[in-house]
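Student: Dumping the structure here so I can ask a few things about it.
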Amino acid sequence: MSLSPAFLDELRARTLLSAIISPSVKLLRAGREWKARCPFHNEKTPSFTINDEKGFYHCFGCGAHGDAIRFLTDARGLPFMDAVKELAGKAGLEVPAPDPQARERAERTASLTDVMAACQKWFAEQLAGVDGADAREYLKNRGIGPATVARFGIGLAPEGRNKLKSALLHLGEDKLVETGMLIKPDPNEFKGGETYDRFRGRLMIPIRDARGRVIAFGGRILGAGEPKYLNSPDTPLFDKGRTLYNLDLASPATRSARRLIVVEGYMDVIALDRAGVAEAVAPNGTAVTEAQLERMWRLDPNPILCFDGDSAGQKAAIRAASRALPLLAPERTLRFVELPAGQDPDDVVRSGGREALESLLAEPEPLVDRLWRHELAAQPLTTPEARAGLRQRLIEHSQAIRDQALSRLYREDWLRRFNELVRPQQQFSPAPRREWKKQGGRFVPPEKRPGDVMKRISRGGIDDEHARALIIGFANFPESLQDHCEQLASLPIAGTPLARLRDKLVDAAVSGEKLDRERLATILRDSGTAPDLERARRTGTMAFSFTRSDTAPERAVRDLGIAIDALMADGEIGAALAAATERLKDGEEDAFEEQLRLHSEREGIKERLASLAGSD
């Protein structure tokens, strides 16, 4: 149900915020405001202020901020509509009636939650009864005592196809099917087939919503067999991809602990809770979804993912990191804790207690470091192709981040690490002139085998705008020439002044001198090409970072490398397109598909260059 802004404004105006908060904390008058110890985190000195005139509270310690509705949802865990109804009742306002369809859905939901509550109660009775001896022994062996069983509502689904059905049929067979507690066979496959219990011979762990209402179950098998865990299907109450296990208990615990721990499974959550770490949630047997990430971030902007120390757990962590990338923002990210090989949180707690777990949680790994480490370990960097693959994967990860400023920072960080890795503590060393020779008044690279650089470059040359950008970039940041001298010498630049400038830059690069901006300016002035550079600057070009002399050198050098790599690749694609065209003329059937693929690659290069030019 949607509420109008006018109604909500009227509700806030009629609500005295201090009266709503005072039952929770002791208020002290401070001028026109109230002060208190923050209810959202532990503190000795009051830093929580309440302003009745403006209708909001704010904590200068933990940053909690909001109005009366927000206080009830955050401090007491009420759903939004329940908070509105409570405030409206105190203010003498009538909440607008929902439309008939919304009312019907609400009534249906209430009816189904009653069914689930009855199922949970019945499962708990079975665990405590004669059939529950083996299950109780299993729980005892895992260190799960009666208090924990009661806290989490754990029960037992006994063996038998119709035990729950027989016991709770009075609730309505259709409702038991709708909640997923009974399976109704497909009439097309099983004519006349009767419904039967979904869960049999399993330890039953209730999944509750934010209000603590049972909406689904996770069933763990007690003996051998598969699947090890069986979850309720999606129902009107339960959306697996949008729900977090233990949300009702973790929400208040997160506010006091000021952190959120995300583990893989139900038993991990229970193990952490037994160790005194109540601020833990888990996805419901699935990979972490975008909706679950959003729910986590509502509780904590920096949740810690603490997945199992096996291969599957680490893959799950990387999947979560990749899924989070598009959603990252300056105030929300992920952190990671890698457990000892082969251990899960339950193992850590059993072997070392809470102290062992806290020592791991004390130093979580930032997302930027976790993805770097993952990609670095993906394959040995023993070949240029492997190193190029690492670089490309890092760039693609950074491009997945929608926040442009954050995307740029991630890319800069990763490429800095990459450059330090492949060129550790690089010192200037002159290119050996004996490998170059002077031809036609300029130095040219040594000859390559057929099929190398020159065969890969298209005959048309690069356009003047990109050529000017590269020339200006190398003039602004001559420290880049050492790494890209051969590429620059091989690029077909058609314009005579630009080609002349390019030749002088190459000559300077292979001269054996250590170049900086001032020394290069002297070389160009002495050679008579300085006016060509000034004309190129006045003509204007695309706004790359390296065409501005005041750009941070690290970023300019990086972007300049990306740009010349892209233009070299574009030349290679041009040559390949020409070859594919000739093959098509000869009637080769696969040449057309090759043309389409190459055109697509060329469009990708254009987009990469446009993105680089528009990265500010």
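Student: What is the magnitude of the charge dipole of the chain about its Cα centre, with +1 placed on the Cβ of each Lys and Arg, -1 on the Cβ of each Asp and Glu, and no other charges, expressed in debye to the nearest 20?
Tutor: 1280
Student: Now for a different question. Between the helical axis of 290-299 and the dominant principal axis of the chain, each derived from Cα atoms, what acute angle in degrees is found, rounded to the nearest 10?
Tutor: Around 70 degrees separate the two axes.
Student: Expressed as a whole percentage, what fraction of the accessible surface of the chain belongs to carbon and sulfur atoms when a 1.4 Å probe is rolled over the protein heavy atoms?
Tutor: 50
Student: Residues with beta-carbon under 12 Å from that of ILE144, excluding ILE144: net charge, scoring Lys, Arg +1 and Asp, Glu -1?
Tutor: Summing Lys and Arg as +1 and Asp and Glu as -1 gives +4.
Student: Using the alpha-carbon atoms, what tilt in degrees (0 to 90, nearest 10) does helix 367-376 show relative to the longest principal axis of the chain?
Tutor: On a 0 to 90 degree scale, this one is about 60.
Student: Please pull out the direction-averaged projected area of region 481-542, using the convex hull of its alpha-carbon atoms, in nm² to one decimal place.
Tutor: Across all orientations, region 481-542 yields a mean hull projection of 4.5 nm².
Student: Label ALA378 and GLU363 with points 7 Å out from Cα along Cα→Cβ: what is the distance between them in nm?
Tutor: For ALA378 paired with GLU363, the spin-label model returns 2.7 nm.
Student: While we're here: Taking a virtual spin label 7 Å from the Cα of LEU596 along the C-beta vector, which residues in region 553-587 bring their backbone nitrogen under 17 Å of it?
Tutor: From region 553-587, the list is 577, 580-581, 584-585.
Student: Over all pairs of distinct alpha carbons, what does the Kirkwood formula give as the hydrodynamic radius of region 268-371, in Å?
Tutor: In region 268-371 this quantity evaluates to 14.0 Å.
Student: Rg and Dmax of region 463-594 over Cα atoms: what are they, in angstrom?
Tutor: Taking only Cα atoms of region 463-594, I get Rg and Dmax of 17.2, 57 Å.
Student: A follow-up question, please. How high is the relative contact order of the chain? Use alpha-carbon pairs under 8 Å, at least six apart in sequence, and give a whole percent.
Tutor: Answer for the chain is 7 percent.
Student: So, one more: Report, to two decimal places, the Cα Rg of region 157-220 normalised by 2.2 N^0.38 Å (N = number of residues).
Tutor: 1.19
Student: In the chain, if the dipole is taken from +1 on Lys/Arg beta carbons and -1 on Asp/Glu beta carbons about the Cα centre, which of GLY604, GLN314, PRO23 is farthest to the positive end?
Tutor: PRO23
Student: For GLU264, what accessible area in Å² do you get when you roll a 1.4 Å probe over the heavy atoms of the protein chains, rounding to the nearest 10?
Tutor: Estimated to the nearest 10 Å², GLU264 gives 50 Å².
Student: Can you check what the net charge comes to around PHE307, using other residues whose Cβ is under 15 Å from the Cβ of PHE307 (Lys, Arg +1; Asp, Glu -1)?
Tutor: Once positives and negatives cancel, what remains is -3.
Student: In nm², what is the average projected area of the convex hull enclosing the Cα atoms of the chain?
Tutor: Computing the convex hull of the Cα atoms and averaging its projections yields 41.5 nm².
Student: With the Cα gyration tensor of region 359-399 in hand, convert its eigenvalues to equivalent ellipsoid semi-axes via √(5λ) and list them largest first in whole Å.
Tutor: Ellipsoid semi-axes (Å, largest first): 25, 13, 5.
Student: Binning at 5 Å from 0, report for region 13-151 what percent of all alpha-carbon pair distances ends up in each bin.
Tutor: Whole-percent P(r) values from 0 Å outward: 2, 8, 13, 13, 11, 9, 10, 12, 11, 7, 4, 1, 0.
Student: Using just the alpha carbons, could you tell me how many Å³ per residue the convex hull of region 533-576 encloses?
Tutor: In region 533-576, the Cα convex hull volume per residue is 85 Å³.
Student: Next up: When all protein chains stay in place, what accessible area (Å², nearest 10, 1.4 Å probe) is found for SER111?
Tutor: Its heavy atoms expose roughly 30 Å² to the probe.
Student: Largest first, what is the accessible-area ranking of SER322, SER407 with a 1.4 Å probe?
Tutor: Solvent-accessible surface, decreasing: SER322, SER407.
Student: Follow-up question, since we're still on this one. Taking the C-alpha atoms of region 1-47, how large are the radius of gyration and the largest Cα-Cα span, Dmax, in Å?
Tutor: Reported Rg and Dmax, both Å: 14.2, 41.
Student: What is the percent of Cα-Cα separations in region 221-268 that go past 17 Å?
Tutor: Roughly 52 percent, once rounded to a whole number.
Student: Hey, another quick one. Near PRO366, within a Cβ-to-Cβ distance under 14 Å, what is the net charge of the other residues, with Lys and Arg +1 and Asp and Glu -1?
Tutor: Charge balance in the 14 Å sphere: 0.
Student: Then there's this: In sequence order, what are the phi-derived ³J(HN,Hα) couplings for region 259-274 according to the Karplus relation 6.51 cos²θ - 1.76 cosθ + 1.60 with θ = phi - 60°, rounded to whole Hz, with x for glycine and proline?
Tutor: Running phi through 6.51 cos²θ - 1.76 cosθ + 1.60 with θ = phi - 60° gives 6, 10, 9, 10, 10, 7, x, 4, 5, 5, 4, 5, 5, 5, 4, 4 Hz.
Student: Rounded to the nearest 500, what is the 222 nm mean residue ellipticity of the chain from helices alone, with -39500 (n - 2.57) per DSSP H run of 4+ residues and division by all residues?
Tutor: After summing the helix terms and dividing by the residues of the chain, the value is -16000 deg cm²/dmol.
Student: Can you list the cysteines of the chain that have no other Cys Cβ under 4.7 Å away?
Tutor: So far as the 4.7 Å Cβ criterion goes, CYS62, CYS119, CYS306, CYS485 stand without a partner in the chain.
Student: Report, please, the projected area of region 185-235 averaged over directions, based on the convex hull of its C-alpha atoms, in nm².
Tutor: Taking a quarter of the hull surface, the average projection is 4.8 nm².
Student: Follow-up question, since we're still on this one. With a probe of 1.4 Å, find how much accessible area region 38-169 has per residue, and write the answer as a whole number in Å².
Tutor: 53
The values are calculated or read from the model by the stated rules, or taken from the named source; none is laboratory data. The model shown is predicted, which means the values in this text are computed figures rather than measured ones. As a convention, Cβ positions derive from the backbone with ideal geometry for all residues, glycine included, and neighbour counts pool all protein chains shown. The accessibility values were calculated without ligands, DNA or RNA, using every heavy atom of the protein model including side chains. Shrake-Rupley method; radii C 1.70, N 1.55, O 1.52, S 1.80 Å.
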